[in-house]
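Presented below is the structure to which this report refers.
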Amino acid sequence: GTSRKMSFGFNGKMNGVEGKTPFLIGVSGGTASGKSTVCKRIMEKLGQVDKDHTERQVVCISQDSFYRDLTPAEKLKAEKGQYNFDHPDAFNNDLILQTLRDILAGRKCEIPAYDYRTNSLIKDKVTTIYPADVVLFEGILVFYFPNIRDLFHMKLFVDTDSDTRLARRVPRDINERGRDLDYVLNQYMNFVKPAFEEFCLPTKKFADVIIPRGADNTVAIDLIVHHIWDILHTKNGDSASGQHPYIEHRRTS
Ligand code: ADP
Ligand code: C5P
Ligand code: MG
C-alpha cells in the first residue's frame, strides 16, 4: 500500500477527493441519557465549537437526522403519539450506512435536517459534513444493526438511570420539541420504554466504554477528550488496510 506520513489536519480536506479515514466514534444510550450533551462537551473541550464547519477536526452527527420521512397516514399517527419513533425501522438505515461509508472514505457528504415539531425532514435543508479527523455519531440505536455497528472504531454507551432520563425527557420534549405532558408520557409508556428495553439496552454489551451518569461524569469525558486529543496529534500511518492509522500506530509503536 501507499504510505502517507502526513499529520492529521492537513490531508483529507480536499472536496470530492477520497481522503484519509477518520476515527469514527459511536455514542449510544437511552433517550435523554445525555448523548447529545456528552458530544457537545467533547466538542467544546476540544475547542471545536467556535470553528467554521469546514475547519473542524472533530464533527458530530446525530442519528435523528436520519429519521425516515413519514407517509400521510404515519404522520397522522405521529401527531396522536401513536407512531413508534424508537423502533430500528424508523430510521433510514441504508442512508446511515452509506453516509458512514462515505465518511470513512474521507468523502464530503450531506446529511438531512430533521424537525421534531413536525416529525418530518426539513425540505431543501441539508448539512454538509466536511472530512474530519474524528467523527462522533450519536443516537439511541447506532449499535443495533451489525453492519453499522461494525464501522465504529470506538463505541461509547451513556448509561443514565431510567427515572432520570424520563425526568429530563419530559421538560425537553415540552420546551424544545413542541409536545405536551400527556403526549410525552403516553409515548414514553407505549413506545419509548419498551423499545429501549428491546432494542437499545441489549446493545450496551457492544460498547467499549460505558459512561455512567452522562454529562455529569466529567472524569469520563476528560478521559475520552484526552484520547481524542492523542488521536489528533498522532502522525498518520499507513491507512491502506482500512484500519484507522491511529490503531496501526499504536500497534506498531
Ligand atoms: P440525549 O441526546 O441522550 O437524548 P440530551 O443530551 O438531549 O440527551 O439530554 C436530555 C435533556 O437533559 C436535555 O434537555 C439536556 O439539556 C438535559 N441534560 C443532559 N445532561 C444533563 C445533566 N447532566 N444535568 C442536567 N440536565 C442534563
Ligand atoms: O435525543 P434522543 O435520543 O432522545 O432522540 C431520540 C428520541 O426522539 C426517541 O426516543 C424518539 O421517541 C424521539 N422522537 C420523537 N419524535 C420524533 C422523532 C424522534 O419523539 N419525530
Ligand atoms: Mg439527543
Which one of the conditions (1) more than 16 Å from ligand 1 (Cβ to nearest atom); (2) of a type in the set (A, V, I, L, M, F, W, C); (3) assigned to a helix (DSSP H, G or I) does Val135 fail to meet, given that it meets all the rest? (3)
Just name the residue that is farthest from Leu232 (Cα to Cα) out of those in the range 38-69 that are open to solvent by less than 20 Å² (accessible area, probe 1.4 Å) and part of a loop (DSSP other than H, G, I, E, B). Gln48
Since Ser65 meets every condition but one in (1) farther than 19 Å from Val27 by Cα; (2) in contact (Cβ under 8 Å) with a residue 24 or more places away in the chain, which condition does it not meet? (1)
When residues of the range 71-91 are filtered for being surrounded by 14 or more Cβ atoms within 10 Å (Cβ to Cβ) and either within 16 Å of ligand 3 (Cβ to nearest atom) or more than 22 Å from the chain's Cα centre (by Cα) (or both), how many remain? 10
Please go through the range 80-119 and give me each residue that is among the basic types (Lys, Arg) and either more than 15 Å from ligand 2 (Cβ to nearest atom) or assigned to a strand (DSSP E or B) (or both), ordered by number. Arg101, Arg107, Lys108
When you go through Asn147, Asn175, Asn186 one by one, which is the residue that is open to solvent by 30 Å² or more (accessible area, probe 1.4 Å) and without any contact (Cβ under 8 Å) to a residue 24 or more places away in the chain? Asn175
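The values are calculated or read from the model by the stated rules, or taken from the named source; none is laboratory data. Predicted model only: the values in this text are computed from it and were never measured. Using ideal geometry, Cβ is built from the backbone for each residue, glycine included, and neighbour counts are taken over all protein chains shown. Protein only, heavy atoms only, side chains kept; ligands, DNA and RNA dropped before computing areas. Shrake-Rupley method; radii C 1.70, N 1.55, O 1.52, S 1.80 Å.
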